[in-house]
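Below you'll find the structure, written out as structure tokens, and then a few comments.
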Amino acid sequence: MEGRRDKRAQVQIGCWIVSPGGESCCCSTFDISDNGISIATNSPLPVGQTICLQFYTPQSASALSISAEVIWSNTGQDSAMGLRFLNITEEEVKQLREMTAQMLQREHSAKQRHKLL
């Protein structure tokens, strides 16, 4: 997609979506940047809805919680949605970058092990 300010990393990270009403569901990212994220989910939300994303990282016993707004939603066969982070702090960006780097390293290591088999 053109016009993006930040580079996106193609990575799968498990996370939770919590709606303002308290409903939650587990989903998986398929790309992430400093300002937003795309996730695969069976229950895409309407554009404009604000939610809370929660990530559980090895560095912290508590969840990394980030507010986000749905900016696109696909309810077709490959249901997914795009979220823009709201009021994300530099510390949260740092934690997301570290988590993304760790997941990319794990994926790379798994591919290397697979090649050896």
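Looking at the structure I just gave you, is Q77 modelled with pLDDT under 80 and exposed (fewer than 15 other Cβ atoms within 10 Å of the Cβ)? Show your work before the answer.
On the way: modelled with pLDDT under 80: no; exposed (fewer than 15 other Cβ atoms within 10 Å of the Cβ): yes.
No; evaluated as a whole, the condition is false for this residue.
When you look at A110, is it assigned to a loop (DSSP other than H, G, I, E, B), at pLDDT below 85 and more than 14 Å from the chain's Cα centre (by Cα), yes or no? If you could, list the steps in order and put the result at the bottom.
Working: assigned to a loop (DSSP other than H, G, I, E, B): no; at pLDDT below 85: yes; more than 14 Å from the chain's Cα centre (by Cα): yes.
Judged against the criteria, A110 is not a match.
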Counting only residues in region 16-56 that are hydroxyl-bearing (S, T, Y) and in a strand (DSSP E or B), the one modelled with the highest pLDDT is identified as T50
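Yes or no: I88 under 20 Å from R106 (Cβ atoms) and touching a residue at least 40 places away in the same chain (Cβ under 8 Å)?
On the way: under 20 Å from R106 (Cβ atoms): no; touching a residue at least 40 places away in the same chain (Cβ under 8 Å): yes.
No, not satisfied.
The values are calculated or read from the model by the stated rules, or taken from the named source; none is laboratory data. Keep in mind the model is a prediction, meaning the values are calculated, not measured. Heads up, the Cβs are rebuilt from the backbone with ideal geometry, glycines too, and the neighbour counts pull from every protein chain shown.
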